[in-house]
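Please treat every number below as a calculation from the coordinates, not as lab data. Everything numeric here is computed off the predicted structure, so don't read it as measured data. Reconstructed Cβ throughout: ideal geometry from the backbone, glycine too, with neighbour counts over all protein chains shown.
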Amino acid sequence: MSFVSVRNVWQRYGDRSILERVNVSVDEGEFISIVGASGCGKSTFLRMLLAEERPFKGEISIDGGETAVEPNRERGVVFQRYSVFPHLTVRNNLIAGESFANPLGRLRGVARKEAADRADRMLERIGLNHVADQYPAALSGGMQQRLAIGQAMTAKPRILLLDEPFGALDPGTRVQMHDFLMELRVETNMTVFMVTHDLQEGFKLGDRVLVFDKPRWDPQDPGLFGATITYDFDASNDGVPFQDILDQYPSLAAG
Amino acid sequence: MRLINHIPGRPGAVILAALPFVALVVAYTVASDLRLEANPQDKLLPAPGTILETAQRLFTEPDKRSKEILLWNDTLASLARLLGGVGISALLSLVLGLAIGLMPYARSALSSFIAVLSMVPPLALLPILFIMFGLGEVSKVVLIVIGITPFMTRDLAQRVMEIPKEQIVKAQTLGASSSVIALRVALPQILPRLISNVRLSLGSAWLFLIAAEAVASNVGLGYRIFLVRRYLAMDVILTYVIWITLLAFIIDWLLKTLSRRSFPWMEAGL
């Protein structure tokens, strides 16, 4: 049984089909890159994984659960922008990852102290301990995205969803963020879905690369058919598959 | 060079800022002199010296009959009504604005109602308020509340809706309930806006207050102005007008300072 399973998912807005017959299953710990042309429905797909939107039909389940009706703690998310709270300091943004689940959204006494300690460890991990008491507006784009990823991880989600997380960063910072994300992944073995415009980035980071496109096209009515997953590349081992096939199937070497 | 590219230096800017005030005082003094020369008994434009004397008397000397300094009584009564009305409006608009901005059901139910309500001219309701709540404090406070709440509510609801959707979704993925999102995500971000709304509404609040006091009251700044109007006591009226302006200015300055102190995260972005 796969960890995340998407079965026969369709999505449409009014008469316009966006996605059709999307099927994919993902194992725990896999990093899935999602690429495709603009307007091909890859962001819609991510929003459905996030449960911000419900599929028109079909099922999306995490660890065998029901299709969710609204975003919850099982799903962590980082958007291209606006992922952190501008009115909270960097440290409090991380504490919010734990405290928002409380009835009043606050932690008191010992619980708060412990959460602050964990936040400080996370700050050290993401390299932001020197700006712990500043507000996000004072941080650079890369620092804000690191904070956003740290904040999402603090809530201990089952899957992490990234919607073009590095799209607004300059190329140098982007490479740094790649390294940061890879390290974090090795440490946590998190299941990640990342939408990106950058093919290279998709293949570099992902274990699998899903390509969304429209398999059918009606020139008279472009909205008639939706997009689906047209390719599902194996991008593990730096995008050169079957490098370790002999380790997996030693019997092949015998011939 | 284009006019829009001429920028005054620091001393120039200060002089320019002072210029309209000086011009007003000079114009008044000249006009007053001209009238008093023609008729020393003229009451319409009392000399600045007379106004100062009157002001000193009003601020320090108690009334002969009641043994109380009327100006301070008036000020206290008016400020209590004003701050009461504005405070209630701020609370109401905050709660309604959050509800309308965050909850689609509340938006469907309330937003057009409040849009229509904000079109009702509040002063036209004053007679109804006097009939319903009597001539006491309640009707004056209610007039202020009715006058400024709809506008503030609409603006705050708009601000809540302008909070990026990403933040609301993010809060949900951190497990926040609707009330946590309202209290910990939306509320702190619209508080600065609430303060600037209060600053904007204070002008109308004063207007409604003075109108209500003028019609029916026995104490208050507006009441006093309209009372002494019968004796053409321009010196008293002008003192009161300057005093009200000063009060309004101080309240505005206090709110501005409060806003700057309380919301450092707003400044960080500038």
Problem set entry | Computed lengthening from B:GLU37 to B:ARG199, 0.36 nm per intervening residue step minus Cα-Cα distance | 54.1 nm
Exercise. Over chain A, how many percent of alpha carbon pairs lie in each 5 Å bin up to the one with the longest distance?
Worked result: 1, 6, 12, 16, 17, 15, 13, 10, 6, 3, 1, 1, 0, 0
Problem set entry | B:ALA47 versus B:ALA115: modelled label distance in nm, points set 7 Å from Cα along the beta carbon direction | 6.0
Exercise. For B:156-169, what's the mean count of beta carbons from other chains sitting within 10 Å of each residue's beta carbon?
Worked result: 3
Problem set entry | Tilt relative to chain B, helix B:104-117 - C-alpha long axis, 0 to 90 degrees, to 10 | 20
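Under the definition of Cα pairs under 8 Å and six or more residues apart, what whole-number percent is the relative contact order of chain A?
Relative contact order, chain A: 27 percent.
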Problem set entry | Cα gyration tensor shape of region B:1-157, rounded if a/c is under 1.5, else prolate or oblate by comparing a/b with b/c | oblate
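Give A:LYS42/B:LYS165; A:LYS214/B:LYS165; B:LYS165/B:LYS256; A:LYS42/A:LYS204; A:LYS57/B:LYS165 a once-over and call out the pairs whose C-alpha atoms are over 26 Å from each other. Walk me through the numbers before you get to the answer.
Numbers: A:LYS42/B:LYS165 18 Å; A:LYS214/B:LYS165 28 Å; B:LYS165/B:LYS256 29 Å; A:LYS42/A:LYS204 19 Å; A:LYS57/B:LYS165 24 Å.
Table pairs above 26 Å Cα-Cα are A:LYS214/B:LYS165; B:LYS165/B:LYS256.
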Exercise. Which values of log₁₀ I(q)/I(0), to two decimal places, follow from the Debye formula for the protein assembly as shown at q = 0.07, 0.11 Å⁻¹ with a uniform point scatterer at every Cα?
Worked result: -0.61, -1.04
Problem set entry | Two-decimal log10 I(q)/I(0) for region B:73-263, as the Debye equation yields it once each C-alpha is a single scatterer, q = 0.16 Å⁻¹ | -1.00
For this session: Work from the charge dipole of the protein assembly as shown (Cβ charges, +1 for Lys and Arg, -1 for Asp and Glu, about the Cα centre) and give the residue of B:GLY9, B:ALA27, A:PRO171 farthest towards its positive end.
Result: B:ALA27
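Please give the average number of partner chain Cβ atoms lying within 10 Å of the Cβ of each residue in A:134-141, rounded to a whole number. List each step's numbers first, then the result.
Details: counts 3, 7, 3, 6, 4, 1, 0, 0.
Taking the mean over all residues of the peptide, I get 3.
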Exercise. How many percent of all Cα-Cα pairs in region A:140-255 sit more than 24 Å apart?
Worked result: 43
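For a protection proxy built on the mean count of beta-carbon atoms within 10 angstrom, sort B:175-187, B:28-40, A:127-139 highest first, please.
Details: B:175-187: 19.2, B:28-40: 12.5, A:127-139: 16.5.
Taking the mean over residues of other Cβ atoms within 10 Å, the ranking is B:175-187, A:127-139, B:28-40.
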Exercise. Counting Lys and Arg as +1 and Asp and Glu as -1, each charge on the Cβ, what is the dipole of region A:1-72 about the Cα centre in debye, to the nearest 20?
Worked result: 400
Exercise. Using 17 Å as the cut-off for backbone N distance, which residues of region A:154-188 belong to the label zone defined by a point 7 Å from the Cα of A:SER140 along Cα→Cβ?
Worked result: A:166-181
Exercise. So what's region B:142-227 giving for Rg/Rh, alpha carbon basis, Kirkwood Rh from the mean inverse pair distance?
Worked result: 1.23
Problem set entry | Near-label residues of region B:60-85 by backbone N, under 19 Å of a point 7 Å along Cα→Cβ of B:ASN218 | B:63-81
Exercise. Taking the alpha-carbon centroid of each part, what is the distance from region B:193-225 to region A:150-203 in angstrom?
Worked result: 56
For this session: Summarise the partner chain shielding of B:175-185 as one whole number: the mean count of Cβ atoms from other chains within 10 Å of each residue's Cβ.
Result: 6
Problem set entry | Cα convex hull volume per residue for region B:77-116 (Å³) | 57
